[in-house]
Amino acid sequence: MEEKIQFAVLIDAENVSSKYASVIFDELEKYGSAPCRRIYGNWSRVNGWRESTLLEYSIHPIQSFSYTTGKNSTDMAMVIDAMDLLYQNKMDGFCLVTSDSDFTRLAMRLREEKKYVLGMGESQAPLALTRACNKFVHLNLIDEANKASGENGSRSSSHAREENGSNNVTSLQTIENAVMAMVNEAGDTGMELSTVGSRLSDRFPDFDVRNYGYSKLSVFLSEGMPHFTVVRDHNHHYVRKEEQVDRGVIEKEIKTILDNNHGTVDNLSTIYTELTGKYKSFDLKDYGYSRISSFLRTIKGLIVNGNTVTWKKNHPEQAEGGEASQEQDS
């Protein structure tokens, strides 16, 4: 979104914790201003949103009594106010702060009226709600990323992947597939980094590299996605595919690993770990396999038995490896 716009911020106090107050308004500043700020809840009960927090962020509380047991009157009050503000036509956009799927239709209706809808909620927010917004911010992931960045600068990609797997955000595989389609479309020159970021945000409203433990798109693509590299050409950055490692090179490396282990490796994962550590873009799928054991069985001279890999007895490669080892030992 190029221009800053005026938002009506509507917060569902029953579904969003007050600990995200600073995150909500810090993120909002990137998109525009918020002259209208309202929060909905039953203030006769404790819900975590204290008077001091409301005063600090200039949020106007709207009382919503629970008239019937099991019914959430907050939802209805938010919807009524949103429609009133819509038809008054004073706001350019709406920031709906909730993780409740009941607001999905409201987000869709506001977009039908050409209003920009910024959603904010926790990562358990249903996919339907995140897709109904122009942009959706996962407050808990952004909060964790900000804290981690303040503590040690960045998080490891493995930790980010582990977290991502337990949250309802767009998967890394889905993002990778989308980027691959863009890069294939662009050809050998690659696609500009800024264009990739813009198109990912347009296609996936909840896309934010901080959801995956990174602070920059370039680092996310080059480190978090082994099939891509980011290169600089004059003043522009381009995303390109990493060249597939030649199969002959991979087989030679596997033979070296076996030679260094006296012809036997007791754990298949050892070979896979060493290959991915040395060749960033190595992916079994590029060679038509999904398991390292299946790939190893196609290499002449190797025997795969369970989780163990050995050279066949009297195989020429084994003899060469043995001689090399003996010369090295001597």
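Could you please give the count of residues in the range 1-34 that are farther than 14 Å from residue 138 by Cα and touching a residue at least 40 places away in the same chain (Cβ under 8 Å)?
Final tally of qualifying residues: 14.
From the residues in the range 220-237 that are open to solvent by 50 Å² or more (accessible area, probe 1.4 Å) and in contact (Cβ under 8 Å) with a residue 12 or more places away in the chain, which one is nearest to residue 169 (Cα to Cα)?
So the residue we want is 223.
Could you grab me the full set of residues in the range 112-127 that are without any contact (Cβ under 8 Å) to a residue 40 or more places away in the chain and in a strand (DSSP E or B)?
117
Just need a number here: residues in the range 269-312 that are in a loop (DSSP other than H, G, I, E, B), open to solvent by less than 60 Å² (accessible area, probe 1.4 Å) and of a type in the set (Gly, Ala, Ser).
3
Please specify each residue of the range 258-268 satisfying the condition of being surrounded by 14 or more Cβ atoms within 10 Å (Cβ to Cβ) and more than 34 Å from the chain's Cα centre (by Cα).
258, 259, 261, 263, 265
Using the structure shown, decide if residue 74 is surrounded by 12 or more Cβ atoms within 10 Å (Cβ to Cβ), of a type in the set (Val, Ile, Thr) and modelled with pLDDT of 95 or more.
no
Select the helices (runs of 4 or more DSSP H) contained entirely in the range 133-210, then report the ones holding at least 3 residues which are at pLDDT 85 or above, over 17 Å from residue 237 (Cα atoms) and open to solvent by 50 Å² or more (accessible area, probe 1.4 Å).
So the answer is 172-186.
In the set 98, 130, which member is modelled with pLDDT of 90 or more, out of contact with any Pro (no Cβ under 9 Å at 6 or more places or on another chain), among the polar types (S, T, N, Q) and open to solvent by less than 20 Å² (accessible area, probe 1.4 Å)?
Among 98, 130, only 98 is modelled with pLDDT of 90 or more, out of contact with any Pro (no Cβ under 9 Å at 6 or more places or on another chain), among the polar types (S, T, N, Q) and open to solvent by less than 20 Å² (accessible area, probe 1.4 Å).
The values are calculated or read from the model by the stated rules, or taken from the named source; none is laboratory data. It should be emphasised that the depicted structure is a prediction, and the values quoted were computed from it without experimental measurement. Neighbour counts run over all protein chains shown; Cβ positions are idealised from the backbone, glycine included. Note: areas computed on protein heavy atoms with side chains; ligands, DNA, RNA excluded. Shrake-Rupley method; radii C 1.70, N 1.55, O 1.52, S 1.80 Å.
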